[in-house]
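For reference, the structure discussed in these notes is given below.
The values are calculated or read from the model by the stated rules, or taken from the named source; none is laboratory data. Please read these numbers as outputs of a predicted model, since none were measured by experiment. Cβ placement follows ideal geometry from the backbone for every residue including glycine, while neighbour counts extend to all protein chains displayed.
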Amino acid sequence: MVITIDGPAAAGKSSAAKLLAHRLGYLYLDSGALYRAIAWKVIREGVDPTDRSRLGELCRKIDLAVRQGEKGVRVFVDGAEVTAQLRSPEVTRVSSLISATREVRDRLLMLQREIGTQNGVVIEGRDTGTVVFPHAEVKFYLDAVLSTRGERRFSEMQAKGIPVNYEATVQEIETRDQKDMTRPIAPLKKASDAIVIDSTQMDLSQVVDQMFSVVQSLFGAPGRNPV
């Protein structure tokens, strides 16, 4: 079974997807980590992220793989694990530059669909239920009001010891929303058959409980698949 969770920034998609996948015994697939893996390779190879020709060549040659580890998903590039290196500021910057590139999206579309045929998967992102897995068995669209999402992201950054301003955080999320919803390739939107969950007044456990209840009501109690 493939379960997709789409939604805007700071809606809680990653946290909910991780817990739901664990509860089901499924693989949690972080689509953003795959884009970061390509960004890591771009930096390592010294490729100009705006050079679509070289970017396309890199995407054709790169060997990407994800595996479930005890502490979460592990990402491998050309056989070497790069999980711990995917959250650097430079990788984040380059990932943002390449994420809307057709060559990159086409490469990762193939990979994500391949992974989806091998195991039970919970995948989160912004186009997973509309583009990546349009025929997924269960689709969720997780949302929350902007102020709540801003508070969550602000608290997350503070907890990590990162200097942050609340107003600037809200503005950054709002700008990201606009960019995601208006991008020409695979814009953020709710799939017509997605189940909408507004998490504004919910904590993480309540969100996951509701998602799990939906899966149970549709398919019974899923068995734990090996991942």
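Among the residues of the stretch 56-78, those identified as more than 16 Å from VAL42 (Cα to Cα) and touching a strand residue (DSSP E or B) at 6+ places or on another chain (Cβ under 8 Å) are ALA65, VAL66, ARG67, GLN68, GLY72, VAL73, ARG74. Which members of the stretch 55-68 meet the condition of being in contact (Cβ under 8 Å) with a residue 12 or more places away in the chain and exposed (fewer than 13 other Cβ atoms within 10 Å of the Cβ)? ARG60, ASP63 - these are the residues of the stretch 55-68 that are in contact (Cβ under 8 Å) with a residue 12 or more places away in the chain and exposed (fewer than 13 other Cβ atoms within 10 Å of the Cβ).
Go through the stretch 174-213 and give me each residue that's among the hydrophobic types (A, V, I, L, M, F, W, C), closer than 17 Å to TYR141 by Cβ and modelled with pLDDT under 95. Before you say what the answer is, go through the steps one by one.
Filtering the stretch 174-213 down to residues among the hydrophobic types (A, V, I, L, M, F, W, C) leaves 181, 185-186, 188, 191, 194-197, 202, 204, 207-208, 211-212.
Narrowing further to those that are closer than 17 Å to TYR141 by Cβ: 181, 186, 188, 191, 194-197, 202, 204, 207-208, 211-212.
Within the stretch 174-213, MET181, ALA186, LEU188 qualify.
Note on the stretch 6-54: residues that are touching a Phe, Trp or Tyr at 6+ places or on another chain (Cβ under 8 Å), without any contact (Cβ under 8 Å) to a residue 12 or more places away in the chain and not in a helix (DSSP H, G or I) amount to 0. All of (1) surrounded by fewer than 18 Cβ atoms within 10 Å (Cβ to Cβ); (2) of a type outside the set (D, E, K, R); (3) out of contact with any Asp or Glu (no Cβ under 8 Å at 6 or more places or on another chain) hold for TYR166 with one exception: (3). Being surrounded by 17 or more Cβ atoms within 10 Å (Cβ to Cβ), modelled with pLDDT of 95 or more, over 16 Å from the mean Cα position of the chain (by Cα) and closer than 29 Å to SER199 by Cβ is the requirement here; does ALA136 meet it? So ALA136 does not fit the description; no.
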